[in-house]
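Take a look at the structure set out below.
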Amino acid sequence: AFQTPDSLVRLENRIREAVARARPSVVRVSALNPGASPLPPAMQVVPTAAVAPYRSIGSGLVVDNRGYVLTNAHVVGSSPSIRVRLWRNPPIDYQAELYHKSHEQDLAVLRLSGPGPFPVASFGKAGAMHTGEAVIAVGSPYGLEHTVSMGIVSRKLDSLWIDGRQYRDLIQTDAA
């Protein structure tokens, strides 16, 4: 039988502890948007000319115990109907309203409608992060429910231009 080295067991335990601390404040954001999809035409299932509603799904973090959630502006789009799912057993869905949105930073703040207090994410210092460090990503990419992946910091970027929009102070990682 293969014996796992103690150092690997300690690392696995620390990863599990970190995920357990982060999970309660990580949410799934789902928004039903009217109109044409913001995706490039090559990625669309329905052609741009069709003005059908589409559902966008992404991740977010509870950043205030009163129910404020930070997510991406492209996830909420122009949706009048935003739902947020907290990672519980069973999962709990809340209606959310858009509190603030910045297209330039691709960030949105939502306010959950429901009784609090809500579990708040703790933040580290991005400036203390170095290339080659291990990172853990917890979220709901592509509609998958609260996944966990691990990778390394590939690079810290001052700025990056994507589709004519400048993003500043990015951390590039290979964690999915």
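The values are calculated or read from the model by the stated rules, or taken from the named source; none is laboratory data. Quick caveat: nothing in here was measured; it's all calculated off a predicted structure. Note that we place each Cβ from the backbone using ideal geometry, even for glycine, and neighbour counts take in every protein chain shown. These accessible areas exclude ligands, DNA and RNA; they are computed on the full protein's heavy atoms, side chains included. Shrake-Rupley method; radii C 1.70, N 1.55, O 1.52, S 1.80 Å.
Once the chain from residue 66 to residue 6 is taken as fully extended at 0.36 nm per residue, the excess over their C-alpha distance is 17.5 nm. Ordered by 1.4 Å accessible area with all protein chains kept, 57, 152 run largest first as 152, 57. A 1.4 Å probe run over the protein chains yields, for the chain, 65 Å² of accessible area per residue, whole-number rounding.
Between residue 126 and residue 57, the distance separating the two model label sites (each 7 Å from Cα on the Cα→Cβ line) works out to 2.7 nm. Label the chain by shape, choosing from rounded, prolate and oblate, from the square roots a ≥ b ≥ c of the eigenvalues of the Cα gyration tensor; if a/c is under 1.5 it is rounded, and otherwise prolate applies when a/b is larger than b/c, oblate when it is not. Prolate, since a/c reaches 1.5 and a/b exceeds b/c. Comparing 126, 137, 73 in a Gaussian network model of the chain (Cα springs below 10 Å), the most mobile by mean-square fluctuation is 126. Among 33, 72, 13, the largest mean-square fluctuation in a Gaussian network model of the chain, built with springs joining Cα atoms closer than 10 Å, belongs to 13. Here the Karplus curve 6.51 cos²θ - 1.76 cosθ + 1.60, taken at θ = phi - 60°, turns the phi angles of region 123-138 into couplings of 10, x, 10, 4, x, 8, 7, 10, 4, x, 6, 6, 9, 10, 10, 10 Hz, with x standing for Gly and Pro.
Shape descriptor for region 95-164: Rg over Rh equals 1.01 (Cα atoms; Rh from the Kirkwood inverse mean 1/r).
At the residue level, residue 104 shows approximately 130 square angstrom of accessible surface with a 1.4 angstrom probe and all protein chains present.
List the chymotrypsin sites (Phe, Trp or Tyr not before Pro) within region 66-148 that fall in a DSSP loop (any state other than H, G, I, E or B) and whose Cβ has at most 15 other Cβ atoms within 10 Å.
123
Here the sum of -39500 (n - 2.57) over DSSP H runs of 4 or more residues, divided by the residues of the chain, equals -3500 deg cm²/dmol at 222 nm, to the nearest 500.
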